[in-house]
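These notes are about the structure you will find just below.
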Amino acid sequence: MSALTISGLSKAFGGLRVTRKVDLNVAPGERRLIIGPNGAGKTTLFNLITGELTPDSGSIQLFGQDITNVPSRRRAHLGMARTYQIITLFARDTIIHNVTLALLGLSPSRWNPLIDLKRQGHFVERAQAALEKVGLAHIADRPLAQTSYGERRRVEIAMALTQNPKVLLLDEPFAGLSIDERRDVKNLLLAIPRDVTIVMIEHNMDVALEFAERITLLHFGEVIVEGNRTEVVADPRTREVYLGH
Amino acid sequence: MNLRVLALGAALVALVTLPYWMAGIYYINVSSQILFYAIFALGLNVLVGYAGLVSLGHAGLFGVSAYATGYMLQLGFGHPTAILVALVISMIAMAIFAALSLRSTGIGFIMITLALGEILWGLAYRWISLTGGDNGLSLKSRPAPFGFSLADANTFYYASLIIFLLSLAAMTVFVRSPLGAALKGTRDQPRRMNALGYHVWAIRFFACLFSGLLTSVSAILFVYYTQFISPQTLALTSSAEVLLMVISGGAGTLLGPVVGAGLVVVVKTVVSGFIERWNFLLGAIFVAIVILMPEGLVPGSVRLWRRVWGKRGRDAGAGVVASGAEAKS
């Protein structure tokens with residue numbers, strides 16, 4: 001059974017067809033890279049997979065379960081997590097509170113109006129452990145507003161990982177990072193265990209190629225090329241629309 | 001932190017002993033007014049400060065509760081029944097209000113709540129058989145719970161104080177709870193909250209109900225205080241006044257709305273006795289607050305205090321600048 005199966009997925013904004021009959025099959029534990037020029041519909045595809053957009057036609061299955069009409073928030077409970085291309089965090093709060101919100105999202109106590117969140121030891125411990133993994137434990141109590149861009153990227157990843165996702169969608173996790181930060185994030189992603197399936201959008205080919213097992217090339221909303229690393233890089237169509245000469 | 005506990009303790013002592021040092025019944029009554037308007041402002045602050053949803057129709061809900069109490073008493077029911085029915089009716093009204101207005105956020109939410117508030121005002125004004133129209137409804141008496149007659153100014157003050165402290169405690173617990181944290185999350189990043197597994201609409205709906213409950217409690221105190229309710233209470237200016245309390249004191253803070261309520265009520269009742277153009281004065285104060293302390297009196301004073309007395313001032317200032325930059329992204 002595939003971790004993620006997409007068949008005949010289409011989406012149009014008015015006359016602009018951003019996703020055209022996309023088929024995608026991601027095996028459990030696979031590292032899949034999605035590439036394509038700007039405007040190819042990569043992020044739209046992510047938004048369709050996570051349910052932030054509703055497709056016009058086609059279907060999405062998560063481990064065999066049809067989730068095409070399942071609301072976005074339920075998909076998180078079914079084991080899907082994502083990071084955003086444009087960092088989307090809670091700027092007024094501390095780093096650890098950001099991660100705690102991610103933990104709380106899947107916990108029934110998110111509806112509790114009576115207990116003191118700061119005194120819930122198990123949340124604090126788990127959030128601290130997640131920050132340990134991304135190397136931010138020492139600044140856990142720092143307000144997010146006082147952190148660097150690279151640190152925020154790692155907070156995003158910590159939030160996604162702390163939800164123990166089965167499928168993790170990473171939207172340009174290396175965008176805007178310095179060389180050192182890129183190396184840190186890469187090591188972080190390489191350390192993610194194999195029971196997590198990862199689909200990643202990335203432009204930065206040096207790091208991305210090293211990471212990916214299979215690559216899908218999107219162009220004008222269509223899947224143009226799909227295959228393993230060498231196949232896709234060698235394909236003349238990849239050179240034409242994406243890599244250049 | 002010790003300073004904070006000390007200040008809050010001193011405030012509490014001052015409130016409890018107020019009838020003994022306050023000069024005259026008139027000022028004790030003004031203090032009661034501040035307390036129930038503070039509960040109203042706390043209720044509106046749940047939406048404005050913590051949910052990021054600005055309502056301009058809360059005076060309408062306030063009116064529903066006040067009219068329900070008055071009408072039940074007129075039908076001959078006792079005080080406990082009247083209060084209970086008023087609470088239930090205003091919660092139902094709030095649920096309908098929320099179901100309609102939560103279809104939108106931002107400007108859309110403001111406009112829908114404004115329209116709903118105006119509809120309720122119109123009903124109070126024209127549905128004469130129920131509301132008495134322009135003449136309003138009069139209440140014959142105040143209740144006497146446990147044998148303490150609330151007809152006495154001091155007793156009414158203490159009843160208001162107890163209910164105010166309970167409301168403030170409820171608010172404190174809620175803000176620190178997981179649901180409170182979730183609500184603040186939906187204010188700052190609704191899209192992210194949804195992706196994290198939260199039901200954003202339902203969280204906002206519960207916030208509306210909590211806000212409605214506090215509004216209703218304050219309205220019941222109000223209607224027993226004035227022993228009279230007329231359509232004017234439901235007018236847009238009343239909604240704007242409470243919004244002014246929340247924003248001037250500090251939206252999204254626990255004590256901001258309380259300080260705001262104090263400011264507005266004092267200017268409206270006490271200062272208006274000396275200055276005929278008190279509306280002008282209130283406007284001028286508001287403009288000064290917006291220019292000097294845009295975050296509101298309570299957080300603004302804390303910031304000034306730290307700048308003058310503590311080294312922490314610089315850190316806090318840096319935080320404000322950085323969060324301002326973040327807000328653009």
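What follows is calculated from the coordinates using simple rules that are stated; it is not laboratory data. Keep in mind the model is a prediction, meaning the values are calculated, not measured. FYI the Cβ positions are ideal-geometry reconstructions off the backbone, even for glycines, and counts take in every protein chain you see.
Within region B:146-206, report the chymotrypsin sites (Phe, Trp or Tyr not before Pro) that DSSP leaves as loop and that have at most 16 other Cβ atoms within 10 Å.
B:PHE148
Once you order the gyration tensor axes a ≥ b ≥ c over the Cα atoms, which shape class does region B:1-90 get: rounded for a/c under 1.5, otherwise prolate or oblate by comparing a/b with b/c?
oblate
Please identify every one of the GluC sites (Glu not before Pro) in region A:185-245 that sits in a loop by DSSP and has no more than 15 other beta carbons within 10 Å of its own beta carbon.
A:GLU213
Arranged from highest to lowest average of other beta-carbon atoms within 10 Å per residue, in what order do the peptides B:117-124, B:210-217 appear?
For the peptides B:117-124, B:210-217, the packing ranking is B:210-217, B:117-124.
With each label point set 7 Å from Cα along the Cα-Cβ vector, what nm distance links B:VAL271 and B:TYR26?
Distance between the two pseudo-spin positions: 1.8 nm.
Cα axis of helix A:179-190 to longest principal axis of chain A: angle in degrees, 0 to 90, nearest 10?
Orientation of helix A:179-190: about 90 degrees from the principal axis.
Under a cut-off of 28 Å between alpha-carbon atoms, report the lysines in cross-link reach of A:LYS11, not counting same-chain residues fewer than 8 places apart.
A:LYS21, A:LYS42, A:LYS166
Looking at chain A as a GNM with Cα springs under 10 Å, which of A:ALA137, A:ALA81, A:ALA160 has the largest mean-square fluctuation?
Greatest mean-square fluctuation among the candidates belongs to A:ALA137.
Compute the Cα gyration tensor for region A:90-164, then decide on rounded, prolate or oblate, letting a ≥ b ≥ c be the square roots of its eigenvalues: rounded whenever a/c is under 1.5, prolate when a/b is larger than b/c in the other cases, and oblate in all that remain.
Since a/c reaches 1.5 and a/b is larger than b/c, the shape of region A:90-164 is classed as prolate.
Could you derive backbone 3J(HN,Hα) for region B:89-97 from the dihedral phi with the Karplus parameters 6.51, -1.76 and 1.60 (θ = phi - 60°), listing whole Hz in sequence and x where the residue is Gly or Pro?
4, 6, 5, 5, 4, 5, 4, 5, 3
Compute, for region A:90-164, the length of the dipole vector about the Cα centre, with Cβ point charges of +1 (Lys, Arg) and -1 (Asp, Glu) only. Units Debye, rounded to 20.
Rounded to the nearest 20 debye, it is 80 debye.
For chain A, max minus min Cα coordinate along each principal axis, in Å, sorted largest first?
Principal-axis extents of chain A (Cα, largest first): 57, 40, 34 Å.
Using a Cα-Cα cut-off of under 12 Å, which aspartates and glutamates could be cross-linked to B:LYS184, ignoring same-chain neighbours fewer than 8 residues away?
Partners within reach: A:ASP93.
List the residues whose amide H sits under 5 Å from the amide H of A:ARG214, counting only those 5 or more places along or on another chain, with H placed 1.01 Å from N in the peptide plane.
A:ARG31, A:LEU33
Name the chymotrypsin sites (Phe, Trp or Tyr not before Pro) in region B:240-307 that are in a loop by DSSP and that have at most 12 other C-beta atoms within 10 Å, would you?
When the chymotrypsin sites (Phe, Trp or Tyr not before Pro) of region B:240-307 are filtered for loop state and at most 12 Cβ neighbours within 10 Å, B:PHE274 remain.
Per residue of A:142-155, what is the mean number of Cβ atoms on other protein chains within 10 angstrom of that residue's Cβ?
2
I'd like the orientation of helix A:121-133 relative to chain A: the angle between its Cα long axis and the longest Cα principal axis, in ° from 0 to 90, rounded to 10.
For A:121-133 against chain A, the angle is about 50 degrees.
Please name which of B:PHE109, B:SER301, B:LEU282 has its Cα lying farthest along the dipole of chain B towards the positive end, using unit charges on Cβ (Lys, Arg +1; Asp, Glu -1) and the Cα centre as origin.
Farthest towards the positive pole: B:SER301.
Would you mind counting up the charge near B:TYR225? Only other residues with Cβ under 15 Å from its Cβ, with Lys and Arg at +1 and Asp and Glu at -1.
Net charge in that neighbourhood comes out at +2.
Which three numbers, in whole Å and largest first, are the semi-axes of the equivalent ellipsoid of the protein assembly as shown derived from its Cα gyration tensor as √(5λ)?
Each semi-axis is √(5λ); the values are 54, 27, 20 Å.
Based on DSSP H runs of at least 4 residues, each adding -39500 (n - 2.57), what is the mean residue ellipticity at 222 nm of the protein assembly as shown after dividing by all its residues, to the nearest 500 deg cm²/dmol?
One gets -18000 deg cm²/dmol as the mean residue ellipticity at 222 nm.
Determine which aspartates and glutamates satisfy two conditions relative to B:LYS140: a Cα distance under 16 Å, and not lying fewer than 8 residues away in the same chain.
B:ASP152
Using Cα springs under 10 Å in a Gaussian network model of chain B, which residue among B:ASN279, B:ASN29, B:ASN154 shows the largest mean-square fluctuation?
B:ASN279
So if R0 is 56 Å, what FRET efficiency would A:HIS77 and B:ALA7 give, r being the distance between their Cβ atoms, rounded to the nearest 0.05?
0.80
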